[in-house]
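See below for the structure under consideration.
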Amino acid sequence: MTLDRRILIGLAVAFTVAGIFAYLNFWHPTVTLRYRLTLEAMTPDGPKTGSGVIQVSYGSTFNLDGGGRRGVMKVTGEAVPVDLGRGNVLFVTLTNYISGRNHSFGKLDGAANAETLPLVVFGFKWNVGDEYQLPPQIAAAQASGPREVPFRSLPTLVKFEDVNNPKSVGLVQPERLSAAFGEGYALSKVTMEIKNDPPSEGIAKLLNWLPKLIENRLRLNGEKGPVTDNALSNNLGAGEFKRNDQF
């Protein structure tokens, strides 16, 4: 077989495989939504509000290990900050890892992450591989307006004793803000609303160390590799504060 013939055969195989993947992806689209998460809190100086828009994409791909399809969820957005005044800022991260609460498994019974929070709050039904069932549900949710979010379903909440020092991160429980910030602080209400607004930006203005940690894929303690203890800064990655996932 000549070299030219082998090249032509190789190109034909490559185009065939690419065509199969393109065909299957056409029948299994990626569905994207954006939601605004709004937190209202009471402080010694009166009520405070913070919000942010997060984009989530839901899709599926071949499960090369066991056949069939597996779900894929991607996030573009940032942790939601709430300025409580007096130098206190509450952050809702993008993860439910090390939240100190039970994790949600598709129900409003535990901490969800940024990807799964819309699914549990609005009760979306998503059978992996049947992404076409999502857009009508998302449209109905958008038309229905804001939906209240149970505190226990929120992702991991944190604060920083010193916002210039990522190692000073501390865990905050949504029902016990006073334990983290002092007397007079309490979370009042959390809502979610499907929106068309672009994902929020600007968290690097609050956390000026974040871009460098993200660039180097480091945890908040500046380390990478195996996690050796339960310290919060050694378990939370910088990517839990800002993500731009792509399919």
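The values are calculated or read from the model by the stated rules, or taken from the named source; none is laboratory data. All values derive from a computational prediction rather than experimental measurement. Backbone-built Cβ (ideal geometry, glycine too); neighbour counts: all protein chains shown.
Give me the pairs: first residue in segment 111-123 and over 20 Å from Gln173 (Cβ atoms), second residue assigned to a helix (DSSP H, G or I), beta-carbon distance under 7 Å, and six or more apart or on different chains, which are they?
Phe122/Ala141
Would you mention how many residues in segment 150-187 are in contact with a helix residue (DSSP H, G or I) (Cβ under 9 Å, 6 or more places away or on another chain) and at positive phi?
1
Could you please find all residues in segment 157-212 being of a type outside the set (A, V, I, L, M, F, W, C), more than 18 Å from Thr93 (Cα to Cα) and surrounded by 19 or more Cβ atoms within 10 Å (Cβ to Cβ)?
The one that is of a type outside the set (A, V, I, L, M, F, W, C), more than 18 Å from Thr93 (Cα to Cα) and surrounded by 19 or more Cβ atoms within 10 Å (Cβ to Cβ): Tyr185.
Which one of Glu193, Glu183 is among the charged types (D, E, K, R), modelled with pLDDT of 95 or more, closer than 27 Å to Pro47 by Cβ and in contact with a Gly (Cβ under 7 Å, 6 or more places away or on another chain)?
Glu193
Testing Val163 on (1) assigned to a helix (DSSP H, G or I); (2) more than 18 Å from Ile54 (Cβ to Cβ), one condition comes back false. Which one is that?
(1)
For segment 49-67, does any single residue satisfy the condition of being in a helix (DSSP H, G or I), polar (S, T, N, Q), surrounded by fewer than 16 Cβ atoms within 10 Å (Cβ to Cβ) and modelled with pLDDT under 95?
No, because not a single residue in segment 49-67 is in a helix (DSSP H, G or I), polar (S, T, N, Q), surrounded by fewer than 16 Cβ atoms within 10 Å (Cβ to Cβ) and modelled with pLDDT under 95.
Does segment 182-191 contain any residue that is more than 18 Å from the chain's Cα centre (by Cα) and within 30 Å of Gly68 (Cβ to Cβ)?
No, there is no match, as no residue in segment 182-191 is more than 18 Å from the chain's Cα centre (by Cα) and within 30 Å of Gly68 (Cβ to Cβ).
When you scan segment 85-105, how many residues do you find that are charged (D, E, K, R) and modelled with pLDDT of 95 or more?
1
Return the residues of segment 210-233 that are within 20 Å of the chain's Cα centre (by Cα) and touching a residue at least 12 places away in the same chain (Cβ under 8 Å); say none if nothing qualifies.
Leu210, Leu213, Ile214, Arg217, Leu218, Arg219, Leu220, Leu232, Ser233
Report whether or not Thr76 is in contact with an Asp or Glu (Cβ under 6 Å, 6 or more places away or on another chain), touching a residue at least 12 places away in the same chain (Cβ under 8 Å) and surrounded by 15 or more Cβ atoms within 10 Å (Cβ to Cβ).
no
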